[in-house]
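Presented below is the structure to which this report refers.
The values are calculated or read from the model by the stated rules, or taken from the named source; none is laboratory data. Everything numeric here is computed off the predicted structure, so don't read it as measured data. Neighbour counts are summed over all protein chains in view; Cβ atoms, including those assigned to glycine, are modelled from backbone coordinates with ideal geometry.
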Amino acid sequence: MVLVEHVLKGPSGLSVVRCQYVVPDVFLGYAGVRSGSYRLFFLNAEHDHYTFVSPYYPSVVAMAGTNVESQGPRNQVIEVVAAVLRSPTATFDQKNDAISTLWGLNSAVAKTALRSAIDEPAPTARLRGLQLYAVAALLAVGDASALPMAERELLAPDASLPSETLPNLRSSLARGVFGTAGIPELARLLEAGDAETRRAAATALGRSKLRSAAKPLVSGLDDADFKVALAAVHGLAKITGQLDWAPSDDAFRADRRRYVDHWKEWARDQ
């Protein structure tokens, strides 16, 4: 281990704080603090110097000249990061970093910034990949405004996009809890998507716990993919509260017909 002193500088170039931290002998996979970058740091006072609150996540991306209006430290940090997405001078890497930081934050400020990112022109595959990264971040917090763009990409994938684009969209889709407005897109994805997309759509429909999600889930009971059918069964169990009819993988594999028939019978009685 090596103890390093890092001098953080203010906009005028004057030294404002001395920070000490430890650099491991072996790379642990965490990014360091790059010289010359403009960041928002999180520091603890230690006598005559400061240390990072977390040596693994010492800072977040920021842009000079950001005016913060939010109340409370959490909202203020979100506003600083969100400003990066709205900045016309932010680089691709800065915007990618901002989306990563805002991922999973159910904040109005964060969602507004992410929506602005998906509304921007994306003339290249690289920029479109960044845009769909923002779409995935919105899906993860159940923002239905991102579903139309996600649906278009999942039903007609662009092979030129980064390899992680589709997995990001699917995993975020399965994680999100969408309201009534999201049911039509999820139903179409369950009907027409590939197997992995159908699994994500079925999971999202079940997580909604909305009665309006039951009809498309019933249609998923006969899906050729085992995991799609199982997700449909689990979703119907969540919606109706019949948790005894949400089998384990092994139980469903052993007697799939029993569970499918139960839910089809339930649907006929509605």
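Take Ala83 and tell me if it is assigned to a helix (DSSP H, G or I), in contact with a strand residue (DSSP E or B) (Cβ under 9 Å, 6 or more places away or on another chain) and surrounded by 19 or more Cβ atoms within 10 Å (Cβ to Cβ). Let's see the steps before the verdict.
Values: assigned to a helix (DSSP H, G or I): yes; in contact with a strand residue (DSSP E or B) (Cβ under 9 Å, 6 or more places away or on another chain): no; surrounded by 19 or more Cβ atoms within 10 Å (Cβ to Cβ): yes.
Taking the combined requirement at face value, the residue does not satisfy it.
Out of (1) under 27 Å from Asp119 (Cβ atoms); (2) modelled with pLDDT of 95 or more; (3) surrounded by 13 or more Cβ atoms within 10 Å (Cβ to Cβ), the odd one out for Leu161 is which?
Exception for Leu161: condition (2).
Can you tell me which of Asp255, Asp261, Asp194, Asp222 is of a type in the set (Asp, Glu) and under 25 Å from the mean Cα position of the chain (by Cα)?
Values: Asp255 fails: under 25 Å from the mean Cα position of the chain (by Cα); Asp261 fails: under 25 Å from the mean Cα position of the chain (by Cα); Asp222 fails: under 25 Å from the mean Cα position of the chain (by Cα).
Of Asp255, Asp261, Asp194, Asp222, the one residue that is of a type in the set (Asp, Glu) and under 25 Å from the mean Cα position of the chain (by Cα) is Asp194.
On the basis of being of a type in the set (A, V, I, L, M, F, W, C), under 22 Å from the mean Cα position of the chain (by Cα), assigned to a helix (DSSP H, G or I) and at pLDDT 95 or above, does Leu217 make the cut? Even if it seems obvious, please write down each step before you answer.
Values: of a type in the set (A, V, I, L, M, F, W, C): yes; under 22 Å from the mean Cα position of the chain (by Cα): no; assigned to a helix (DSSP H, G or I): yes; at pLDDT 95 or above: yes.
Answer is no for this residue.
Regarding the stretch 104-123, can at least one residue be identified that is more than 22 Å from Ala140 (Cβ to Cβ) and in contact (Cβ under 8 Å) with a residue 12 or more places away in the chain? Can you show your working first?
First, the residues of the stretch 104-123 that are more than 22 Å from Ala140 (Cβ to Cβ): 121, 123.
Then drop every residue that is not in contact (Cβ under 8 Å) with a residue 12 or more places away in the chain, which leaves none.
No: zero hits.
State which residue pairs qualify: first residue part of a helix (DSSP H, G or I) and inside the stretch 245-263, second residue of a type in the set (Val, Ile, Thr) in any location, beta carbons under 7 Å apart, and separation of 6 or more residues or different chains.
Sorted first by the residue in the stretch 245-263, then by its partner, the pairs are Phe252/Val233; Tyr259/Val233; Trp263/Val218; Trp263/Val233.
Regarding Arg211, is this residue surrounded by fewer than 14 Cβ atoms within 10 Å (Cβ to Cβ), touching a Leu at 6+ places or on another chain (Cβ under 9 Å) and over 20 Å from Asn168 (Cα atoms)? Before you say what the answer is, go through the steps one by one.
Values: surrounded by fewer than 14 Cβ atoms within 10 Å (Cβ to Cβ): yes; touching a Leu at 6+ places or on another chain (Cβ under 9 Å): no; over 20 Å from Asn168 (Cα atoms): yes.
Judged against the criteria, Arg211 is not a match.
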